[in-house]
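I have placed the structure first, in the form of structure tokens, so that the comments after it can refer back to it.
Each reported figure results from applying straightforward, stated rules to the coordinates on display, with no laboratory input. Everything numeric here is computed off the predicted structure, so don't read it as measured data. As a convention, Cβ positions derive from the backbone with ideal geometry for all residues, glycine included, and neighbour counts pool all protein chains shown.
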Amino acid sequence: MEETRKTKGLVPAKTQDLVERRKRAMEGGGPEKVAQQRQRGKMLARERIAFLLDEDSFEEMGLLIESKCDDFGMAKERRPGDGVVAGFGRIHGRGVCVYAQDFTVIGGTLGLAHARKICSVLELAAKAKVPVVALCDSGGARIQEGVESLGGYADIFYRNVQLSGFVPQITAILGPCAGGAVYSPALTDFVFMVEGLSRMFVTGPDVIRASTGESTDLESLGGAKVHASKSGACHFLAGSEHDCFRQIRELLEYLPQSCEEKPKPVMPSDDPFRLSPQLGTMAEMDPKKPYNIHDVILEIADNHQFLETHRDFALNLVTGFIRLNGESVGVVANNPLYFSGALDVDASEKGARFVRFCDAFNIPLLTLVDVPGYWPGVEQEHGGLIRRGAKLLYAYCQSTVPKVAVVLRKAYGGAYDVMSSKHVKGDVNLAWPCAEIAVMGPQAAVEVLHKDALAAAPDSQALRDKLIAEYVAKFASPYEAARRGYIDEVIDAKETRPKIIRAFQFLRGKSVEPVKKKHGNIPL
Ligand code: HXC
């Protein structure tokens, strides 16, 4: 009886102690810092996680972890949780690891305990074989913790690299992200930024002014739009934090949990045999007329839905995810609306990274080809067109997922080889009847082949027209390539969707044994 009374008395006291410890930890940096965060128009770390994950699915870990640093008055700044909220939960019912930096605690800066917490979540993702989502909002390395902060970052970088290609890694920048801190996002697969809220830079405006004399501000240096359109460091641009979390959830639906799985199909709700009169009309178009490749992608995709990656970067090449009869498929497509769809340095890198992501995570690749070649120019050549252009070639050659390509119109020069051609082990290669597969376009070819004759001709234009007509008759069609077996079938453009779906269905069981070696040496 006495024993029972004692136990009864003890349990509430201990539980009460736990409740209070949890409460303190949940306060983050305290009411004043919380109010400042709201004034900055930013959500709190736990609110962000709650919006991202399925309702009530978050299990927090390391809530009571604390920094041991006492230097520079840190003893009184110390907060349980050390400025990062971490754990696991669910998105669309599937497991995911997540961490969110808490800017209210010393500006979300990273010290040793903070870093260890992130590392343990990354290790958990590796063990559980689930994706990781990082929500970054931080002043970078915590100055007071010196080299331990730098080491903490390196520990995270190392784990990001070990996880690369094993589980999908996604980062959302939801505030500042400065210094070496930007390299963890850069090592992950997809980076999201919010307009007006997110900033990423290695050195800030003050350091730049002091070292180079250039004058800039935070937004034009490292704002969301700049990284989405110029540097390419951002793959998805969001209008608000809520929009950002919605987009992350949408992206994850197309991806598998790890490289050991295939993406989860959804119940198809579109007719796999749907014909497209619109594509039939496009195949009769003027070969010089620009058109928007998005129209073609939407016609082919289930329910006309397309999740585009890198939407504002390298507009001449479009990449993203669609579903075909419910299966997730990665799309790479030249867009004739920009630079006539030619490949340049940015497009090559954009495409290469996307192809490698899809290949790492067993996502089949659909390539839509309308490319007049690599973009000519001194700036491109000196900017690394050879080295950087080779990345896309390398990525296609190395990929072993099912690959279906359709030549819509032009497939000229080296770009023909690169864009999932039969020669780089495309599995099923189709072409529309209006396709032109040749070393170069008729005009340029005639100038090269008949330079002397044209110079000597009394009516050089008449001769030029005649020679161009001959060239077009011979090469500006898919039939020379089809005769050689480089195109498997010339199709009626109306049938593009059913043809592609049949090919991917057939290729579902494809497996290729990789050559045994340590790793290849992609031209970085
Ligand atoms: C310690 C920091 C800090 C830091 C910010 N704080 N950055 N504390 N180390 N790196 C603190 C501030 O003192 C402040 O504390 C609180 O966080 C909020 O910061 P504010 O400046 O008030 O906020 P805001 O005006 O929104 O500006 C945010 C900011 C700015 C743009 C991030 O603080 C800033 O420029 N910080 C320095 C960023 C930077 O250079 N980081 C790189 C570090 S080197 P109080 O107590 O006043 O609330 C690095 C290398 C890593 O990261 C290398 C890895 C390889």
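What to note about this one:
- Under 28 Å of direct C-alpha separation, and excluding same-chain neighbours fewer than eight residues apart, K466 reaches these lysines: K288, K289, K410, K451, K474.
- With neighbour counts taken as other beta-carbon atoms within 10 Å, the residues E261, E299, E55 rank, fewest first, as E55, E261, E299.
- Full-extension gain in nm, A126 to A210, via 0.36 nm per residue minus C-alpha separation: 26.0 nm
- Other residues lying with their Cβ under 15 Å from the Cβ of K225 contribute a combined charge of -2, Lys and Arg counting +1, Asp and Glu -1.
- Normalised contact order of the stretch 294-336, rounded percent, pairs of Cα under 8 Å and 6 or more residues apart: 32 percent
- Packing here is the average count of other Cβ atoms within 10 Å per residue, and on that basis the peptides 100-109, 240-249, highest first, run 100-109, 240-249.
- Cα-based helix-to-principal-axis angle, 385-398 vs the chain, degrees rounded to 10: 80 degrees
- Calculated FRET value between L63 and R38, using beta carbons and R₀ = 22 Å, to 0.05: 0.50
- Rounded if a/c under 1.5, otherwise prolate or oblate - the stretch 282-437, Cα gyration tensor axes: rounded
- Set of lysines with alpha-carbon distance to K76 below 22 Å, sequence-local pairs under 8 removed: K23, K33, K68, K117
- Positive minus negative residues near A86 (Lys, Arg vs Asp, Glu; Cβ under 9 Å): 0
- Relative contact order [Cα under 8 Å, 6+ residues apart], the stretch 366-497, whole percent: 26 percent
- Of all DSSP beta bridges in the stretch 225-378, antiparallel share, percent nearest 5: 70 percent
- Report note on the peptides 326-335, 462-471, 391-400: ranked by the mean count of other C-beta atoms within 10 Å, highest first, their order is 326-335, 391-400, 462-471.
- Sequence-distant residues sharing a close amide H with G175 (under 5 Å, placed H): R199
- Restricting attention to the chain, close to 35% of DSSP beta bridges with both partner residues there are antiparallel.
- Nearby aspartates and glutamates by direct alpha-carbon distance to K262 (threshold 14 angstrom, same-chain neighbours under 8 apart not counted): E253, E327, D359
- Counting only DSSP H runs of at least 4 residues, each contributing -39500 (n - 2.57), and dividing by the residue count of the chain, the helix-based mean residue ellipticity at 222 nm comes to -12000 deg cm²/dmol.
- Inter-label distance, nm, simple model (7 Å from Cα along the C-beta direction), H519/R22: 4.2 nm
- Contact order relative to length of the chain, as percent, for alpha carbon pairs under 8 angstrom and 6 or more apart: 9 percent
- Taking 0.36 nm per residue of separation and subtracting the Cα-Cα distance, full extension of the segment from K510 to A473 would add 9.6 nm.
- Charge tally for G29 (other residues, Cβ to Cβ under 10 Å; Lys, Arg +1; Asp, Glu -1): -2.
- For the set K391/K510; K14/K127; K391/K517, the pairs lying more than 22 angstrom apart at their alpha carbons are K391/K510; K14/K127.
- Gyration tensor (alpha-carbon) shape descriptor, the stretch 404-524, a/c threshold 1.5: oblate
- With the simple spin-label model, which puts each label point 7 Å out from Cα in the Cβ direction, the V448 to R246 separation comes to 4.9 nm.
- Amide H within-cut-off set for L343, under 5 Å, with H built and near neighbours excluded: G373, Y374, W375
- Relative packing of peptides 229-239, 190-200 - highest average C-beta neighbours within 10 Å first: 190-200, 229-239
- Cα gyration tensor, the stretch 1-127 - rounded (a/c under 1.5), prolate or oblate: oblate
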